[in-house]
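Computed from the coordinates by the stated procedures, all read-outs in this text should not be read as laboratory data. Please read all numbers here as calculations on a predicted model, not as lab measurements. Positions of Cβ are backbone-derived with ideal geometry, glycine not excepted, and every protein chain shown enters the neighbour counts.
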């Protein structure tokens with residue numbers, strides 16, 4: 001069916017955006033990319049919501065665009081303008097090595113998921129969300145700046161929602177999505193408050 005083929009293509013886009021963030025040293029492009037990832041995930045939810053006649057998925061799609069596709073990225077970019085972070089990058093992060101680690105982690109994650117899926121009699125549709133969750137965790141531990149780490153947290157949120165919509169029997173998807181969005185807003189507020197009190201967190205200037 002055409003709709004499901006489109007969702008599979010969008011799923012690949014969601015995964016590729018995670019690698020784009022691993023390959024990126026600058027904070028602002030990372031924020032734009034995670035916004036794109038959230039919008040692509042929202043498109044998947046919208047298509048599945050229309051096909052399955054699920055108003056919960058359609059509402060969750062709109063909520064994802066509003067919060068993780070627009071609101072949180074805009075708040076983070078306003079902090080960039082306020083703090084002057086657009087002339088900075090994370091010079092300590094070794095981007096080529098990070099991308100290679102991400103590829104190896106993806107392969108390992110796929111192998112682990114196959115074993116789990118075979119044991120629990122699960123379908124292959126959960127492989128991409130599982131790999132995406134691992135890449136989000138890698139972003140959090142590898143990046144040095146708080147805003148960059150925040151994008152990793154949003155990737156993990158997207159992975160959990162992606163897993164939720166991949167398994168149609170998973171209950172409370174809408175409630176979980178609302179909770180994750182509220183948690184992300186609280187976390188963003190904490191980070192911005194900390195930067196207001198202590199300055200830009202663990203960021204080095206790009207010279208030249």
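At a 10 angstrom cut-off on C-beta neighbours, averaged per residue, how do the peptides 154-162, 39-47 rank from highest to lowest? Before the final figure, lay out the partial values.
Details: 154-162: 24.0, 39-47: 22.4.
Result, highest mean Cβ count within 10 Å first: 154-162, 39-47.
Of the peptides 68-74, 96-102, how do they stack up when ordered by the mean number of other Cβ atoms within 10 Å, highest first?
Values: 68-74: 19.9, 96-102: 14.7.
Highest-to-lowest ranking by the protection proxy: 68-74, 96-102.
With 10 angstrom as the radius, rank 144, 78 by how many other C-beta atoms surround their C-beta, starting from the fewest. Mind dumping the intermediate values first?
Details: 144 14, 78 11.
Result, fewest neighbours first: 78, 144.
At 0.36 nm per residue, minus the direct Cα-Cα distance, what do residue 103 and residue 12 gain on full extension? Give it in nm, one decimal, please.
Values: separation 91, 0.36 × 91 = 32.76 nm, distance 1.41 nm.
Between residue 103 and residue 12, full extension yields an extra 31.4 nm.
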